[in-house]
Amino acid sequence: MSAIEFYLEKGYTPINKTVVISGPNTISVWTPASDKRVVLTDMSIATNITGTVAFYFDTTTSYRFATYSLSSSATITPMIGCIESTVVGGKILARTLGNASDGWYVNLTGFEI
């Protein structure tokens with residue numbers, strides 16, 4: 001049984017979050033309800049420029065769970081299986097380096113549990 005099937009069977013509704021990141025920055029790409037945790041089941045990342053994007057749980061950059069370095073005009077869809085936050089109400093942050101306006105397109109799919 002896949003992670004998506006598991007959470008669907010438990011009655012959770014899938015959620016998609018799409019964000020465009022401009023300029024080198026750390027931004028929130030998913031803010032769950034204050035009493036929920038995020039479970040990521042899929043992601044895709046596209047970029048117009050060469051650079052690095054890292055993803056973190058919570059409100060700081062202390063809990064990194066993934067980093068990707070891409071060349072310009074690249075798109076990736078990493079097979080992540082299931083990544084579950086342990087922080088109730090904790091955001092998912094993305095931190096980018098080496099990008100310009102409209103540099104990164106991030107699509108996340110998962111559940112709030």
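The values are calculated or read from the model by the stated rules, or taken from the named source; none is laboratory data. Note that the coordinates shown come from a computational prediction; the quantities given were computed from them, not determined experimentally. Methodologically, a virtual Cβ is constructed for each residue, glycine included, from the backbone with ideal geometry; neighbour enumeration extends over all protein chains shown.
Descriptive notes on the structure:
- If the condition is being surrounded by 12 or more Cβ atoms within 10 Å (Cβ to Cβ), of a type outside the set (Lys, Arg) and assigned to a loop (DSSP other than H, G, I, E, B), then the range 74-97 contributes ILE80, CYS82, SER85, VAL87, VAL88, GLY89, GLY90.
- Yes/no for THR96 being at pLDDT 85 or above, of a type in the set (Ser, Thr, Tyr) and within 16 Å of PHE111 (Cα to Cα): no
- Selection count, the range 16-35, where residues are farther than 23 Å from LEU97 by Cα and buried (at least 16 other Cβ atoms within 10 Å of the Cβ): 1
- Breaking point among (1) surrounded by 15 or more Cβ atoms within 10 Å (Cβ to Cβ); (2) among the small types (Gly, Ala, Ser); (3) under 13 Å from ILE92 (Cβ atoms), for ALA46: (3)
- Restricting PHE57, PHE111 to residues that are surrounded by 14 or more Cβ atoms within 10 Å (Cβ to Cβ) and touching a helix residue (DSSP H, G or I) at 6+ places or on another chain (Cβ under 7 Å) narrows the list to PHE111.
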